[in-house]
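Structure first, commentary second.
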Amino acid sequence: MTEVDRLEEALSGSDAVLCALGAATPLRRDPALVEGVGVLVSAMERLGVQRLVYLSFAGVHASRAHLSWLGRWVIAPVLLRKVVADHEAKEKLLIESGLDWTIVRPPRLSNGPARGYRSGEDITAAGVVPQVTRADVAAFMLDTLTSDTYVHAAPSIFTGHRQRVV
Ligand SMILES: NC(=O)c1ccc[n+]([C@@H]2O[C@H](COP(=O)([O-])OP(=O)(O)OC[C@H]3O[C@@H](n4cnc5c(N)ncnc54)[C@H](OP(=O)(O)O)[C@@H]3O)[C@@H](O)[C@H]2O)c1
């Protein structure tokens, strides 16, 4: 049995996929991650599993302008440029697919309990180093899975009072 067979076995009978596949280190690109998302997209298309919610990063070019100056000019384009390049390659595969994708773009993830979040395609981060808890991101991804609000959209998510801004 190949890895693709194993993936298809896991996917068959599923209605949707949440994908948080990410780099073990921000210091180098990881072609396996990009390839992995490509294999996932093809398998979903083949099996008719239509819905995909993918965890990306607020520092990708398309949403970088919503970050503070530090995120916009230092963290995303310099320190995390390799992670950003991988996310942009993976996002492109989703956008060009026939799937009902949502790309979720958080800033730095923190641990601990949910604190409440703001989400939307045109929201701006508060603070120099914005964060959101993993618990809030998980809740948002699950909510999004069963909603049409962000199909074919790429909302950012930041800690804050819970609200949706489309
Ligand atoms: N951490 C942050 O502050 C932050 C901020 C914004 C966005 N993000 C994004 O959120 C996503 C998750 O980040 P995270 O911090 O939660 O990272 P993480 O805990 O390291 O999770 C990454 C996941 O990807 C899997 N993975 C990595 N390389 C793989 C490979 N070659 N084959 C199979 N599985 C592989 C890991 O599996 P194993 O556990 O088996 O290694 C792990 O389940 C990433 O895409 C990251 O860029 C993170």
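Since every read-out is calculated from the coordinates, none of them should be taken as a lab result. Given the structure is predicted, the values throughout are model-derived calculations rather than measurements. FYI the Cβ positions are ideal-geometry reconstructions off the backbone, even for glycines, and counts take in every protein chain you see.
Before moving on, here are some points about what is shown:
- Point-charge dipole on Cβ atoms (K/R +1, D/E -1) for the chain, about Cα centre, debye to 20: 900
- Rough spin-label spacing in nm, given labels placed 7 Å along Cα→Cβ, for residue 50 and residue 1: 2.8
- Per-residue extension of 0.36 nm, minus the Cα-Cα distance of residue 100 and residue 131, leaves a gain of 8.5 nm for this segment.
- Ranking of 102, 124 by count of other Cβ atoms within 10 Å, fewest first: 124, 102
- Order by protection proxy (mean Cβ within 10 Å, highest first), peptides 37-46, 4-13: 37-46, 4-13
- Note on residue 73/residue 152: beta-carbon distance plugged into 1/(1 + (r/R0)^6) with R0 of 30 Å gives a FRET efficiency of 0.55.
- Rounded to whole numbers, the Karplus 3J(HN,Hα) couplings from phi for the stretch 33-41 are 5, 5, 4, x, 5, x, 5, 4, 4 Hz, using 6.51 cos²θ - 1.76 cosθ + 1.60 with θ = phi - 60°, and x at Gly and Pro.
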